[in-house]
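Below is one structure, written out as structure tokens; comments come after it.
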Amino acid sequence: MSLPKSMRKSFMDEELQDKICVVIGTRPGIIKQAPIIEALKELKADFFVLHTGQHYSYNMDKVFFEDLGLPEPEYKIPDTYKYKLHGEQTAKMLMEIERILIRERPKIVVVTGDANTNLAGALAAKKLHMRVAHTESGLRTFDWRVPEEHNRLIIERLGDYLFAPNELARKNLEIDNVGGEIFVVGSTLVDALEKVKNVATRKSTILEELGLNRNEYFLMTMHREENLDYEREIRSIIKGVLEVTRRFGFPIVFPAHPRTIKRLKELGLYKVLDKHKNVLIMPAVGYMDFMALLSNARLVLTDSGGVQQEACILRVPCITLLRATEWVETLLVGANVLVGSDPMAIVKGVELMLASRRNWPNPFGERGVGKRIVKILLDRLHEPIEQVYERYRARRKKVEKYLSLGNWEKVLKALREETSSKASQAEMRCLE
Ligand code: UD1
Ligand code: UDP
């Protein structure tokens with residue numbers, strides 16, 4: 001007999017509503033979920049938006065609702081900004097999201113990408129036995145220092161519906177033997193960008209305000225933990241960027257994340273950039289202004305995942321200030337180079353990309369990604385939960401040959417034999 005509802009910590013499937021929850025909380029999350037919210041509205045789905053409050057400054061949050069024409073979220077978690085460490089920030093969001101999900105009882109919770117917001121959303125949902133949908137699934141840096149890598153791997157493990165931007169991302173998911181259903185749909189950024197790009201070129205006056213001519217400036221963004229938390233990395237990147245302006249003569253426009261401004265000020269570097277005649281450093285700008293800046297830039301230097309994708313789609317050459325990127329396809333099509341933080345590597349990267357022909361293919365799919373995802377979600381709202389569980393159970397296949405041996409001694413023998421034959425193969429290879 002099941003425990004009464006009031007004593008259980010999770011729901012039975014029939015207690016959930018045919019409703020979808022969209023989780024947002026950071027600048028890129030708001031942008032990437034916008035096409036999904038729009039499609040849910042258009043297809044008259046029952047849904048609500050839950051904002052975790054991870055990002056909260058006007059220029060990191062509200063401005064994107066204005067620029068993308070999004071309604072106020074139904075729920076907004078207060079005071080998240082007080083929690084700074086990864087653990088406490090994620091824990092605060094997890095606790096609050098759980099409360100909201102218990103009240104609303106949606107059947108599917110949609111998270112996107114790899115920020116702490118999305119890890120908290122996926123974990124809260126799964127513990128309540130809700131289905132987790134993850135967009136931008138299957139990305140890898142293979143850099144185990146990167147906080148986003150930890151998040152995305154856990155989210156994918158929890159995900160029931162995994163929306164990959166392309167076949168490469170699908171392959172990563174398959175290699176990791178994830179238990180969710182995989183769909184290759186393209187990137188929602190294709191839709192977001194398409195919606196704002198044309199309006200931006202008409203409405204944004206940022207180029208005039210900054211006195212910039214099309215194709216005659218470089219754009220820059222930087223905010224990643226693996227750069228900002230290490231003084232040596234920051235100093236090295238800034239040195240490289242100043243060398244780039246000296247050698248190539250283009251002004252550099254640098255809309256900076258609040259975290260970056262704070263860190264540059266702590267290290268006395270903000271003053272240096274602010275006083276430099278060829279660097280325009282300023283607080284981060286809204287999506288409309290950023291699209292106007294990016295689509296007219298001669299080239300972009302960045303450590304942002306979203307900007308690497310957008311530059312590739314808009315055919316703006318990109319220099320990535322990281323040691324590893326999750327957007328390997330941008331390197332493969334020739335839209336991007338990975339330079340890390342070494343000043344001379346940055347200069348060489350710029351030189352290389354200035355010569356690029358800007359005719360690479362777009363590896364992120366065709367417009368209509370939001371709608372494709374929502375149609376699948378609406379269909380899966382009616383999928384029997386047993387089918388979801390069966391897909392997860394299928395991961396067992398890889399150990400089934402041992403389990404079928406029936407008793408522990410036989411299993412142990414088979415595993416030992418396999419290990420020793422692998423070890424002797426490795427020894428043979430060493431001797432060859
Ligand atoms: C987070 C994501 C990162 C994503 C980035 C998008 C994680 C682990 N990282 O990093 O993947 O690329 O968002 O921008 O989730 N701050 C403000 N105002 C804001 C937001 C942040 O002042 O609206 C400052 C605060 O000092 C805050 C710091 O920036 O402590 C860092 O913010 P946080 O959300 O923890 O990480 P991000 O660097 O933004
Ligand atoms: N962006 C913006 N204004 C800025 C810098 C970036 O609107 O000043 C947008 C950019 O177009 C992209 C998204 O923010 O869509 C990327 O977010 P961010 O770099 O913060 O995070 P990441 O993509 O690295 O997770």
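The values are calculated or read from the model by the stated rules, or taken from the named source; none is laboratory data. What you see is a predicted model; the values in this text were computed from it and never measured. All Cβ positions, even for glycine, are placed from backbone atoms using ideal geometry, and neighbour counts span all protein chains on display.
In table form, for the structure just shown:
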| item | result |
| --- | --- |
| Residue match in segment 20-35 (condition: basic (Lys, Arg) and within 16 Å of ligand 1 (Cβ to nearest atom)) | yes |
| Inter-residue pairs, beta-carbon under 6 Å, first more than 17 Å from Lys32 (Cβ to Cβ) and of a type outside the set (D, E, K, R) and in segment 46-63, second in a helix (DSSP H, G or I) and modelled with pLDDT of 95 or more, 6+ apart | Gly53/Thr80; Tyr56/Tyr81; Ser57/Pro258 |
| Candidates Val110, Val63 - the one that is in a strand (DSSP E or B) and either within 13 Å of ligand 1 (Cβ to nearest atom) or in contact with a His (Cβ under 9 Å, 6 or more places away or on another chain) (or both) | Val110 |
| Yes/no for Lys171 being among the basic types (Lys, Arg) and either in contact with a helix residue (DSSP H, G or I) (Cβ under 6 Å, 6 or more places away or on another chain) or more than 17 Å from Gly286 (Cβ to Cβ) (or both) | yes |
| Members of segment 290-305 found to be touching a Pro at 6+ places or on another chain (Cβ under 9 Å) and either hydroxyl-bearing (Ser, Thr, Tyr) or within 16 Å of ligand 1 (Cβ to nearest atom) (or both), listed by number | Phe290, Val300, Ser304, Gly305 |
| Residue in segment 296-312 that is more than 21 Å from the chain's Cα centre (by Cα) and charged (D, E, K, R) present | yes |
| Segment 244-276: number of residues that are closer than 13 Å to Leu301 by Cα and not small (Gly, Ala, Ser) | 8 |
| Residue among Gly69, Gly25, Gly29 that alone is more than 21 Å from the chain's Cα centre (by Cα) and within 16 Å of ligand 2 (Cβ to nearest atom) | Gly69 |
| Within segment 102-114, considering residues that are touching a Lys or Arg at 6+ places or on another chain (Cβ under 9 Å) and hydrophobic (A, V, I, L, M, F, W, C), the one nearest to ligand 2 (Cβ to nearest atom) | Val109 |
| Residues satisfying the stated conditions in segment 299-340, i.e. more than 18 Å from Tyr217 (Cα to Cα) and assigned to a helix (DSSP H, G or I) | Gly305, Gly306, Gln309, Ile313, Val328, Glu329, Thr330, Leu331, Leu332 |
| Residues (in a loop (DSSP other than H, G, I, E, B) and not hydroxyl-bearing (Ser, Thr, Tyr)) located in segment 228-250 | Asp229, Gly249, Phe250 |
| Those residues of segment 396-412 which are surrounded by fewer than 12 Cβ atoms within 10 Å (Cβ to Cβ) and on the phi < 0 side of the Ramachandran plot, in sequence order | Arg396, Lys397, Lys398, Val399, Glu400, Lys401, Leu403, Ser404, Asn407, Trp408, Glu409 |
| Selection from segment 204-229 of residues that are charged (D, E, K, R) and free of Cβ contacts under 8 Å to residues at least 60 places away in the same chain | Glu208, Glu209, Asp229 |
| Val347 being aliphatic (A, V, I, L, M), modelled with pLDDT of 95 or more, touching an Asp or Glu at 6+ places or on another chain (Cβ under 8 Å) and under 30 Å from Arg131 (Cα atoms) | no |
| Inter-residue pairs, beta-carbon under 8 Å, first not assigned by TED's automatic domain parsing to the domain that holds Asn177 and in segment 399-427, second in a loop (DSSP other than H, G, I, E, B), 6+ apart | Val411/Leu405; Ala414/Leu405 |
| Exclusive hit being closer than 25 Å to Pro258 by Cβ and either in the same structural domain as Pro35 (by TED's automatic domain parsing) or surrounded by fewer than 22 Cβ atoms within 10 Å (Cβ to Cβ) (or both), set Glu226, Glu194 | Glu226 |
| Single residue of Arg358, Arg380, Arg367 found to be surrounded by fewer than 21 Cβ atoms within 10 Å (Cβ to Cβ), touching a residue at least 24 places away in the same chain (Cβ under 8 Å) and touching an Asp or Glu at 6+ places or on another chain (Cβ under 6 Å) | Arg367 |
| Output for segment 206-240, where each listed residue is within 12 Å of Pro251 (Cα to Cα) and either of a type in the set (A, V, I, L, M, F, W, C) or under 23 Å from the mean Cα position of the chain (by Cα) (or both) | Leu210, Leu212, Phe218, Leu219, Met220 |
| Within segment 154-166, tally of residues that are within 16 Å of ligand 2 (Cβ to nearest atom) and in a helix (DSSP H, G or I) | 1 |
| Exclusive hit being away from ligand 1 (no atom under 16 Å from the Cβ) and acidic (Asp, Glu), set Glu226, Glu216, Glu233 | Glu216 |
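Quick grid of which residues meet (1) under 18 Å from Val339 (Cβ atoms); (2) assigned to a helix (DSSP H, G or I); (3) not β-branched (Val, Ile, Thr):
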| residue | (1), (2), (3) |
| --- | --- |
| Thr141 | yes, no, no |
| Leu168 | no, yes, yes |
| Asn172 | no, yes, yes |
| Val178 | no, no, no |
| Ala192 | no, yes, yes |
| Val199 | no, yes, no |
| Asn215 | no, no, yes |
| Glu226 | yes, yes, yes |
